[in-house]
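Written out below as structure tokens is the structure these notes cover.
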There are 2 protein chains.
Amino acid sequence: MSFRLLKKDPSGARLGELTTPHGKIMTPVFMPVGTAATVKAVTSEELESLGAEVILGNTYHLMLRPGEKVIEKLGGLHKFMGWPGPILTDSGGYQVFSLALRRKILPEGVRFQSHIDGDEYFLTPQRAIEIQEALGTDIAMVLDECTAYPATPEEAEKSMRLSLQWAMQCLEAKKREGMLLFGIVQGGFYPDLRKNCLEELASHNFDGLALGGLSVGEPPEACYAIGSELAPMMPADKPRYLMGMGLPEDIVEAVGWGVDMFDCVIPTRNARNGQLFTTLGPIQIKHTEYREDPRPIDENCSCPVCKKYSRAYLRHLYLAKEILSSRLNTIHNLHFYLELIRKIRVAISGGRFAEFKKEFYAHTRIRRDS
Amino acid sequence: MSFRLLKKDPSGARLGELTTPHGKIMTPVFMPVGTAATVKAVTSEELESLGAEVILGNTYHLMLRPGEKVIEKLGGLHKFMGWPGPILTDSGGYQVFSLALRRKILPEGVRFQSHIDGDEYFLTPQRAIEIQEALGTDIAMVLDECTAYPATPEEAEKSMRLSLQWAMQCLEAKKREGMLLFGIVQGGFYPDLRKNCLEELASHNFDGLALGGLSVGEPPEACYAIGSELAPMMPADKPRYLMGMGLPEDIVEAVGWGVDMFDCVIPTRNARNGQLFTTLGPIQIKHTEYREDPRPIDENCSCPVCKKYSRAYLRHLYLAKEILSSRLNTIHNLHFYLELIRKIRVAISGGRFAEFKKEFYAHTRIRRDS
């Protein structure tokens, strides 16, 4: 088994260790998103020094540009982008759903046109595995259909059955020794469908399971309801991955449900839009109040940006649309997320995650109650 | 005197040392351009590790945004942007000429509207010095009028006389102890006007002199003719600065005329546009021939980008419009320029600059003969 559960906190939060071909990952873990063979605005050296342990690559983007064959010829994604640690790739399912043009779903796979140049592609479960193997990923994801929101029970069940079928085909198609493969639980916002899907996936030989199809436009309560009910039912001896979430408070909540792995574009994308996370809640750096503010973004932060630069300078860079703005903001936000995860691990390790959660909410203005 | 001439090569090339409030600079020197309190796409740590010794800031941009008062309140430009070494600022004259709206030149100064928001400003010689002193610059430049090209002899003389008058007013206005102030030779493309201007400036107490008003749309021959005739006439005991030039071959040429200081946006701007300098000449990284090219940009280069990344990866980042493309390309190009200057220094120091120049042209495809 590639996963070892090291500790379970009374609250349900878990501490674990996942072994991949490019090294071990401690869990809970946050995976910065490196869509197009780069975590936007930062280098792999910076990711390492921020303490990132694993990053995520997007199969959809990479198959379109530069193409997985190019990356394979150049020695695989790790070598191509100069990242020595583990890489998880999604299967492309979510981006086909959210970005591609003229999408047509067939039992064999999904036909679509590239949003970049209109070229036509046909992504099957077998192709999704073939591409991820060509990229040299450490953790591959099965091809799934991201169920639309809202969906009737019939639509959600049909979609979930298709995802299940594709998941089995991915498992069969997998050739590369060592590469881990995770299944994805779908079923929309119908708990019974989700449970059926989970049971079926749990009875097969996946290396981990993920909750997919969340954060697709539903109200936050619906997402929390599914996550908090399903996560604790997922096999305890395999890593549990909540795909595409979320805000710092989402991570704190979901760790309490027993989730082990997270990815989200929020720290990086919001950084480029001038939203910076602090221990007291997020701030918008463009605000006039920071015009002459000599303080760092967060006086409690030990990141290289907070050690050196003022809010006034970061506001100036943002307003002047300087590339350095995206760089420094991204470094700060990634540090915030990775530091949050480190604090969570320490809390679980000490058996005091419930206390940690209480403190977190006591200090942080959050965007919604939960 | 702040300048020491250490060595003169038989060719006319010079080796020197300029002392500023923030440290010594070896000359010849190349100054990366940090327009808006950042050299675009790179951090001050990266500039230091590339061996940059002095950077240039643009008074025009900084007075408009964030405003010199904000920077002064935050402890000056060095502290604001986290750059510990010397800074040279231009006076704003060139950008008023090239960027500002509704420009009106009066004997007292120049009235213009900001290209950012249309706000009206009045930049006088006294204001130009006041702003540069507020920024805390190490080397200030006098306010000058950048003579238009083409200009009649009468227009060029009138413009040169105005620049001379402003130069004297700047010298008078200067208050801050230690800050160096350079005069700027104008006179269009009329050698006699240039010589008159130079003589007049040379008789006053400037810490260095610059050739301005070049690279303003004239044919390269005209620029070279003025530069090669005027530079050797500039006072030998003061640093000679050729403003806004140029290509690597321009620097090699001008060092031979006895020029000591250079600045140019070419390495940084062209990097963002995908042009990369190599010891064999410049390349355009977007070209299809680099699609699967595993080699570094330049096999003779020791920069951190060439040590780690392939042309194929850099091409991909450029086509995907990734921020990392601008970062890595800028680091490579700045390294190329700074390394060129280091090689030039070694050659002058060994008394073999003429040989160096011959070798440089033997290996490098250049854009024009000279």
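Things to note:
- If you filter the stretch B:36-79 down to residues that are among the polar types (S, T, N, Q) and not in a loop (DSSP other than H, G, I, E, B), you find that the one that is nearest to the other protein chains (Cβ to nearest Cβ) is B:S44.
- Selection from the stretch B:125-173 of residues that are β-branched (V, I, T) and in contact (Cβ under 8 Å) with a residue 24 or more places away in the chain: B:I129, B:I131, B:T137, B:I139, B:V142, B:T147
- Checklist (1) surrounded by 17 or more Cβ atoms within 10 Å (Cβ to Cβ); (2) more than 7 Å from chain B (Cβ to nearest Cβ); (3) under 22 Å from A:V39 (Cα atoms) applied to A:K321, failing item: (1)
- The residues of the stretch A:85-103 that are part of a strand (DSSP E or B) and at pLDDT 95 or above, listed by number, are A:I87, A:L88, A:T89.
Every residue, every condition in (1) buried (at least 19 other Cβ atoms within 10 Å of the Cβ); (2) at pLDDT below 95, yes or no:
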| site | (1), (2) |
| --- | --- |
| A:Y241 | yes, no |
| A:G246 | yes, yes |
| A:D260 | yes, no |
| A:D263 | yes, no |
| A:K286 | no, no |
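- Residues located in the stretch A:298-318, provided they are within 30 Å of A:E359 (Cα to Cα) and within 14 Å of another protein chain (Cβ to nearest Cβ): A:C303, A:P304, A:V305, A:C306, A:K307, A:K308, A:Y309, A:S310, A:R311, A:A312, A:L314, A:R315
- No other residue among A:V216, A:V255 is more than 24 Å from A:E145 (Cβ to Cβ), touching a residue at least 24 places away in the same chain (Cβ under 8 Å) and assigned by TED's automatic domain parsing to the domain that holds A:G92 apart from A:V255.
- Remark: pairs (first residue in the stretch B:278-303, among the acidic types (D, E); second residue modelled with pLDDT of 95 or more and assigned to a loop (DSSP other than H, G, I, E, B); Cβ separation under 7 Å; 6+ apart in sequence or on different chains) = B:E292/A:L74; B:D293/B:S310; B:D298/B:T278.
- Residues (surrounded by 15 or more Cβ atoms within 10 Å (Cβ to Cβ) and among the aliphatic types (A, V, I, L, M)) located in the stretch A:336-353: A:L338, A:L340, A:I341, A:I344, A:A347, A:I348
- Test: B:Y290 is closer than 16 Å to B:N333 by Cα and either modelled with pLDDT of 95 or more or more than 10 Å from chain A (Cβ to nearest Cβ) (or both): no
- Selected residue (criterion: farthest from A:S2 (Cα to Cα)) from residues of the stretch A:207-239 that are of a type in the set (D, E) and either surrounded by 22 or more Cβ atoms within 10 Å (Cβ to Cβ) or out of contact with any Phe, Trp or Tyr (no Cβ under 8 Å at 6 or more places or on another chain) (or both): A:E221
- Scoring B:V110 on the criteria (1) touching a strand residue (DSSP E or B) at 6+ places or on another chain (Cβ under 7 Å); (2) outside any strand (DSSP E or B); (3) crowded, with 20+ Cβ neighbours inside 10 Å leaves a single failure, condition (2).
- Which numbered condition A:G227 misses (of (1) under 29 Å from A:I131 (Cβ atoms); (2) part of a loop (DSSP other than H, G, I, E, B); (3) among the small types (G, A, S)): (2)
- Qualifying residue in the stretch A:13-27 (condition: assigned to a loop (DSSP other than H, G, I, E, B) and hydrophobic (A, V, I, L, M, F, W, C)): yes
- Annotation: of all residues in the stretch A:266-287 being more than 14 Å from every other protein chain (Cβ to nearest Cβ) and touching a Ser or Thr at 6+ places or on another chain (Cβ under 8 Å), the one that is nearest to A:M245 (Cα to Cα) is A:P267.
- Among the residues of the stretch B:80-100, those that are more than 10 Å from chain A (Cβ to nearest Cβ) and either among the small types (G, A, S) or over 16 Å from the mean Cα position of the chain (by Cα) (or both) comprise B:W83, B:P84, B:G85, B:S91, B:G92, B:G93, B:V96, B:F97, B:S98, B:L99, B:A100.
- Filter result (under 13 Å from the mean Cα position of the chain (by Cα) and hydroxyl-bearing (S, T, Y)) within the stretch A:33-63: A:T35
The values are calculated or read from the model by the stated rules, or taken from the named source; none is laboratory data. Just so you know, these numbers come straight off a predicted model, no measurement behind them. Here the Cβ is made from the backbone with ideal geometry for all residues, glycine too, and neighbour counts use every protein chain on show.
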